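Here is the structure we will look at, set down as structure tokens.
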Amino acid sequence: AAPPPALAIHNIQVVYGGAIEAVRDVSLEVRPGQIVALLGSNGAGKSTVLKAVSGVLDAEDGVIEKGSILLNGRAVEKDPAPAIVRQGMVQVPEGRRLFQTLTVDENLITGAHLQSAAKLAQARDFVFSLFPRLAEMRQTTAGYLSGGEQQMVAIGRALMSQPKILALDEPSLGLAPLVVSEIFRCIQTLRETTGLTILLVEQNASRALAIADYAYIMENGRVVMDGTSEQLRRNADVREFYLGLS
Ligand code: ATP
């Protein structure tokens, strides 16, 4: 039989503060080894879906009112964030959220949920193989890094706990086009070399569709369209409204 999806969301509804319905009847699926993009404009509800999946809605008075979230076939919609991380789902939050006064090395260590020093060193070596530039900047304070370098540290920190699924919230945000290319190349390399499953939340549809296998488009809290990246790139509405092409 086919393995269960790495992540499956069935008809979730998320409400903030008992009143604001941010996500309505959203379903999506990420199969093992896929890069799946969640696209849509500002305020469409993408980050809310990610927060629901990561179990961090509480902090913002958000609640999953309906629906289910399955990681490898196991329901997690009632689990707190640490339990979800232990099941292999790790998020790189929007805006990187590094410890600005800690070094690159120290930031990486904060991401490690590993026991032995040997495993920690192994995970860090892997991060440095993916982002060689970080190896040279190990002792640099994070606050002095460029936006792109900070994004690399944020991804590296998430990789330190050796996730099975990595969720990236707007990795391109605020970065120059060349830096975005570099980050996206790294995401692709990561998938190719490790088979890691990736959920990519992006406003930058053309970048995301260039590396994703499949994508969902959200508007006003709902999924309004989904398909393979190829199908979406050929779709006239997607071309006009999300890719700026005619
Ligand atoms: P962005 O790219 O700006 O993060 P998004 O597509 O991720 O946009 P969300 O951040 O999920 O969208 O927001 C979806 C809706 O929920 C918006 O209307 C937003 O104002 C609302 N919302 C988000 N967070 C909260 C919160 N903590 N409390 C109340 N409403 C919220």
Could you please find all residues in segment 193-237 being assigned to a helix (DSSP H, G or I), more than 19 Å from Q91 (Cα to Cα) and in contact with a strand residue (DSSP E or B) (Cβ under 7 Å, 6 or more places away or on another chain)?
A205, L209, S229, L232
Within segment 88-104, can you find the residues that are without any contact (Cβ under 8 Å) to a residue 60 or more places away in the chain and surrounded by fewer than 17 Cβ atoms within 10 Å (Cβ to Cβ)?
R97, F99, Q100, T101, L102
Out of everything in segment 195-236 that is among the polar types (S, T, N, Q) and in contact (Cβ under 8 Å) with a residue 60 or more places away in the chain, what residue ends up being nearest to the ligand (Cβ to nearest atom)?
Q203
Whichever residue in segment 33-47 is near the ligand (Cβ under 6 Å from one of its atoms) and within 19 Å of I198 (Cβ to Cβ) and, among such residues, is most open to solvent (accessible area, probe 1.4 Å)
S47
Go through segment 130-153 and report how many residues are among the β-branched types (V, I, T) and within 18 Å of V92 (Cβ to Cβ).
1
Can you work out which of the residues in segment 110-166 that are in a loop (DSSP other than H, G, I, E, B) and of a type in the set (G, A, S) is surrounded by the most Cβ atoms within 10 Å (Cβ to Cβ)?
G111
List the number of the failed condition for V30; all other conditions in (1) surrounded by 16 or more Cβ atoms within 10 Å (Cβ to Cβ); (2) modelled with pLDDT of 95 or more; (3) within 16 Å of the ligand (Cβ to nearest atom) hold.
(3)
Residue selected from segment 51-72 under the condition over 26 Å from G174 (Cβ atoms) and open to solvent by 50 Å² or more (accessible area, probe 1.4 Å), by the criterion farthest from the ligand (Cβ to nearest atom)
N72
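Condition check ((1) within 17 Å of S161 (Cα to Cα); (2) assigned to a helix (DSSP H, G or I); (3) over 15 Å from the mean Cα position of the chain (by Cα); (4) polar (S, T, N, Q)) across all residues:
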residue: G67; (1), (2), (3), (4): no, no, yes, no
residue: K78; (1), (2), (3), (4): no, no, yes, no
residue: A83; (1), (2), (3), (4): yes, yes, yes, no
residue: V90; (1), (2), (3), (4): yes, no, no, no
residue: G95; (1), (2), (3), (4): no, no, no, no
residue: L98; (1), (2), (3), (4): yes, no, yes, no
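The values are calculated or read from the model by the stated rules, or taken from the named source; none is laboratory data. As the structure is a computational prediction, the values presented were derived from the model and not from experiment. Heads up, the Cβs are rebuilt from the backbone with ideal geometry, glycines too, and the neighbour counts pull from every protein chain shown. These area figures cover heavy atoms from the full protein model, side chains too; ligands, DNA and RNA do not enter into them. Shrake-Rupley method; radii C 1.70, N 1.55, O 1.52, S 1.80 Å.
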